[in-house]
Amino acid sequence: VTVLSRPPEGPWVVTIDDFLDASEVEALVTKGGHHFERSLAGDAVTQVRTSETSWCNVPYCEGDATVQRIKQRVSNVTGVPITNSEHIQVLRYEAGQFYKAHHDQNAHPRSPWGPRVFTFFMYLSDVEAGGGTRFTDLGITVTPKLGRGILWPSVFGSDLNKSDKRTNHEALPVEDGMKYASNVWLHMYDYRTPADAGCLLTHKNTH
């Protein structure tokens with residue numbers, strides 16, 4: 001475990017090397033990468049984000065024992081129940097692809113599942129050159145390494161309804177090779193029950 005940032009000077013940013021072993025990486029790439037499509041930024045395809053995304057939201061992936069073990073490990077590290085997590089997102093970046101600076105907290109605080117509290121990010125490959133995760137406001141860049149995890153908060157510990165914009169970050173362009181990675185977004189409350197019930201996962205203030 002390496003602490004790259006910590007309170008009070010900044011938000012927590014922590015890397016965990018060898019969080020995944022080779023067999024677990026293979027499971028996420030093969031099971032989770034079953035259907036790659038152009039990634040969205042918010043709800044749209046834009047030039048802000050040029051990677052490809054596949055979701056671990058089908059029984060072939062979601063029901064896999066290795067995938068379940070990974071999700072439980074993320075829960076153990078963060079202290080957040082598995083039911084509060086979104087489906088695992090698997091990412092693929094080819095040479096030249098990137099995701100410009102953005103913030104992960106995009107859920108309305110008054111939604112049933114609440115804000116995204118943590119991001120747990122995992123590298124599923126080494127990258128020959130480029131492809132790092134850069135925290136733009138902190139001056140921190142994490143180099144891709146197969147099996148490495150990164151944990152950071154999207155909200156302030158003192159106010160979980162307030163986004164901590166200090167964790168703005170970007171995926172730097174891959175210069176050489178192929179980058180595979182994975183996101184697990186963890187909410188304040190139960191996300192999976194409304195998601196599995198087919199609820200529209202948006203919030204609209206009608207007053």
(message) If I ask for residues that are under 16 Å from TRP55 (Cα atoms) and in contact with a Lys or Arg (Cβ under 8 Å, 6 or more places away or on another chain), which ones from the stretch 87-111 would you list?
(response) ILE88, LEU91, ARG92, TYR93
(message) Among the residues of the stretch 142-163, are any over 25 Å from GLU24 (Cα atoms), of a type in the set (D, E, K, R) and open to solvent by less than 30 Å² (accessible area, probe 1.4 Å)?
(response) no
(message) open to solvent by 70 Å² or more (accessible area, probe 1.4 Å), of a type in the set (Asp, Glu) and over 18 Å from the mean Cα position of the chain (by Cα): is that true of ASP126 in this structure?
(response) no
(request) Could you please give the count of residues in the stretch 68-105 that are of a type in the set (A, V, I, L, M, F, W, C) and open to solvent by less than 40 Å² (accessible area, probe 1.4 Å)? (result) 6
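State which residue is most open to solvent (accessible area, probe 1.4 Å) when the search covers only the stretch 170-207 and only residues that are modelled with pLDDT under 90 and under 18 Å from the mean Cα position of the chain (by Cα).
Out of the qualifying residues, it is LEU201.
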(request) Restricting attention to strands (runs of 3 or more DSSP E) lying wholly within the stretch 52-159, give those where 1 or more residues are more than 20 Å from PHE36 (Cα to Cα), modelled with pLDDT under 95 and touching a Ser or Thr at 6+ places or on another chain (Cβ under 6 Å). (result) 99-102
(request) Return the pairs, sorted by first residue and then second, in which the second residue is outside any helix (DSSP H, G or I) and open to solvent by 30 Å² or more (accessible area, probe 1.4 Å), the first residue lies in the stretch 62-76 and is more than 17 Å from TYR123 (Cα to Cα), the beta carbons are less than 9 Å apart, and the residues are 6+ apart or on different chains. (result) GLU62/HIS87; SER75/PRO81
(message) Taking the condition of being open to solvent by 20 Å² or more (accessible area, probe 1.4 Å), outside any helix (DSSP H, G or I) and modelled with pLDDT of 95 or more, how many residues in the stretch 15-36 meet it?
(response) 4
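Rundown of residues vs (1) of a type in the set (Asp, Glu); (2) within 24 Å of PRO11 (Cβ to Cβ), yes/no style:
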| position | (1), (2) |
| --- | --- |
| GLU52 | yes, no |
| GLY63 | no, no |
| VAL67 | no, no |
| THR78 | no, yes |
| GLU94 | yes, no |
| ALA101 | no, yes |
(message) Anything in the stretch 115-124 that is among the hydroxyl-bearing types (Ser, Thr, Tyr) and either without any contact (Cβ under 8 Å) to a residue 60 or more places away in the chain or in contact with a Gly (Cβ under 8 Å, 6 or more places away or on another chain) (or both)? List them, or say none.
(response) TYR123
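The values are calculated or read from the model by the stated rules, or taken from the named source; none is laboratory data. What you are looking at is a predicted structure, and each value in this text was computed from that prediction instead of being measured. When we count neighbours, we look across all protein chains shown, and the Cβ atoms used for this are built from the backbone with ideal geometry, even at glycine. Ligands, DNA and RNA are excluded from the accessible area calculation, which covers all protein heavy atoms including side chains. Shrake-Rupley method; radii C 1.70, N 1.55, O 1.52, S 1.80 Å.
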